[in-house]
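What follows is a single structure, written as structure tokens, with notes after it.
Bear in mind that the values in this text are calculations on the coordinates, not laboratory data. Owing to the predicted nature of the structure, the values given are computational and were not obtained by experimental measurement. FYI the Cβ positions are ideal-geometry reconstructions off the backbone, even for glycines, and counts take in every protein chain you see.
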């Protein structure tokens, strides 16, 4: 055995793809080296044609690189342009979270191999521009942030409704003039305009870094290079000696090899099939002659050597082709057969990787099927298991507050969690599948009709989850048994509804059925008034006592986490409505409350949520109290009067007379102290109060209008639309749907 072991080791090494390729290439290199030594010893004459072919090949590579990259940009940007967030930006810009789009744009610009400098969305209707830095208007964008002499503001305004949906424009130098004394060059950028078919007043501009693309794609020691579009217009170019290129019409005289000589220069031209662009490179003819000195005998020898090399390459490729063909066939079949095994271990690695990717593709198709998402992939696998009963187990994971700071740690824990679930389910349910469907959710598909067995296994897993609670809290929701694959979406919805019954207990939960009717969490009208009055008065102690009294009820009859989250969001809205725009500004209120949604999501227990609400009220009351201590007696008297007479007619002259000053002086003084005039403050305060009243479904819209001083319902609707962006009816419907 000891004598055979080295032989087996050597044989196994020769079975690797690396060893076989090295052996074949060494033979080819040895053959070429011997023939080259013989050829060089025979002659030293020119073979200019080979160098011409070399430069043509370089241009072919440059053309292919540009064509593939531009096609990739079109595909990726079309997907981005048709995403849900961008479609909402086109149709309902008021309901779009602009920072989300700005962050997505910034993410695209950080991908190095795409060479994207910026992405701009331009809406003609709202004169709205979104780009990687901010949201702005067209004048600021194209006259300041990305200014160009070739592309002034008038040019971009004229691009709406063009005949072509996708247009690639010539590259131009762009400059940022945000600092007038020291403008910042952005570089030479190539704009691509993408416009939708159904909305001619909205388009996307993708600004590619033309210089970086040139450095990456044009791998030639001679830098002269030019791109013409299909109309003969230069798109991008570099000329080292400053001498102009031939026109596209003159380049039409190139021969079959795509080259011609003019004025001592070689011109190489090649046309791209995808864009219709013509790519041109220029090389001095005398330098080609100096660099190519091989005679015709050497050319014949090299051709013979190449022929032998090709022959041996075919022989080597034939040894590789058969296992590779098997791997390709396994890709096309898209079945559940085990991955193909070859005698070459590298092919085994590739085949295993492809098999894993295929399983991921099946999981993606399965999730699309779950969520009733229509797929346009022609090769999407069918997920049919008719007559095969199954149960869904949905795992909702709430990470520990510390885990939120490290996405990598959280993802590693989720991976370990999935492996643990598989290890527990697979022995009893071999066909079960577990995969992550959301950032904080995993789903197990268990093929069985014995729901009780699944619940028993989950009961054992619950003990392990309890011990791992320092990382996060796991909630398990188990659906009823379903009979066939056409119940997938129904079962998924049932699982999500069951997960919605999760409680804020800080413990692992196993949910098997829907709970009783939801507990009413909202404040009574009197408590709402008390909350508003205490906030405006800056009474922190009374506010904290009110919150603690309300939270104490939840400990006796614990509501679901979903209802608590809705209450907390509504509570934050009540705080904002009570203190903004006076005595606190929107920015001050945002600083006090922070990211409300994220902070609410971190609360794992009712106690933590109560502490958060108490913290908000205490900080807000303290800020209001400090604001009130600022000595502006006139402003305070005006505000108090307005709040006391919201339901009455309020006249500026009467208010000024009470304060013994002219109405003009009072208006100017109030605006200087608060940032808004009195009339706007009255209207905004009335509408904010009306919005709070409309949260009570028992109150009619007309009654809410009269309660804040509007006797004409038409005027009330118009003013409500102005400040809230919705009519009172639309506002109430949206609150109900939320």
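Let me know the volume per residue of the alpha-carbon convex hull for the stretch 82-209, in Å³.
Working: hull volume 13.7 nm³, N = 128.
For the stretch 82-209, the hull spanned by Cα atoms encloses 107 Å³ per residue.
Dimensions of the stretch 596-641 along the principal axes, based on C-alpha atoms and rounded to the nearest Å, stand at 46, 15, 15, largest first. Here the spin labels are modelled as points 7 Å beyond Cα on the Cα-Cβ line, and at residue 173 and residue 216 they lie 2.4 nm apart. Summary of the geometry: the stretch 542-611 and the stretch 642-710, compared by the centres of their Cα atoms, lie 27 Å apart. Gap in Å between the Cα centre of the stretch 61-136 and the Cα centre of the stretch 425-447? Between the Cα centres of the stretch 425-447 and the stretch 61-136 lies a distance of 36 Å.
Principal semi-axes of the equivalent ellipsoid, √(5λ) from the alpha carbon gyration tensor of the stretch 391-511, are 23, 15, 14 Å from largest down. Simple spin-label estimate for residue 184 and residue 437 gives 4.5 nm between the two label positions (7 Å along the Cα-to-Cβ direction from each Cα). The Rg/Rh ratio for the stretch 525-737, using Cα coordinates for both the radius of gyration and the Kirkwood hydrodynamic radius, is 0.99. The order of 524, 148, going from fewest to most other C-beta atoms within 10 Å of their C-beta, is 524, 148.
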